[in-house]
Amino acid sequence: MSSDWPFADPPNTTTISLRDIMEKWRPILFVQHDEGGCWQFTDGRDAPQPKDAVVLGLGCVLGLDSTIAELADLPHGWRAWRDDAHEPWQREPAD
């Protein structure tokens, strides 16, 4: 792993995202790092449809949006969001 890799998890860590993000139609506006360590990267919509979900490696997601490096230290059980791709990330424990 490269010394400039920001995450504790390796680049090939499986994450859940959305097809619209993968195809760069929508920005990443919501990130959740589940208690079990799973990362989710979505566009902040209330209820994305399961048919829109895709599995991506963490390195691929970082390649789509380098600002997620700012969330590399997001603890398990926390989430982060922003209203726009140019806004700073906000953080809080997830429930």
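At-a-glance table
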{"quantity": "Scope segment 24-60; condition touching a Lys or Arg at 6+ places or on another chain (Cβ under 9 Å) and among the small types (Gly, Ala, Ser); matching residues", "calculated": "44, 53"}
{"quantity": "Subset of segment 15-32 (residues that are in contact (Cβ under 8 Å) with a residue 24 or more places away in the chain and either in contact with a helix residue (DSSP H, G or I) (Cβ under 8 Å, 6 or more places away or on another chain) or of a type in the set (D, E, K, R) (or both))", "calculated": "15, 17, 18, 19, 20, 21, 22, 24, 27, 28, 31"}
{"quantity": "Residue within segment 55-75 that is aliphatic (A, V, I, L, M) and more than 12 Å from the chain's Cα centre (by Cα) present", "calculated": "no"}
{"quantity": "Failed condition for residue 71, given (1) at pLDDT 95 or above; (2) farther than 17 Å from residue 94 by Cβ", "calculated": "(2)"}
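The values are calculated or read from the model by the stated rules, or taken from the named source; none is laboratory data. All of these numbers come straight from a predicted model, not from anything done at the bench. Reconstructed Cβ throughout: ideal geometry from the backbone, glycine too, with neighbour counts over all protein chains shown.
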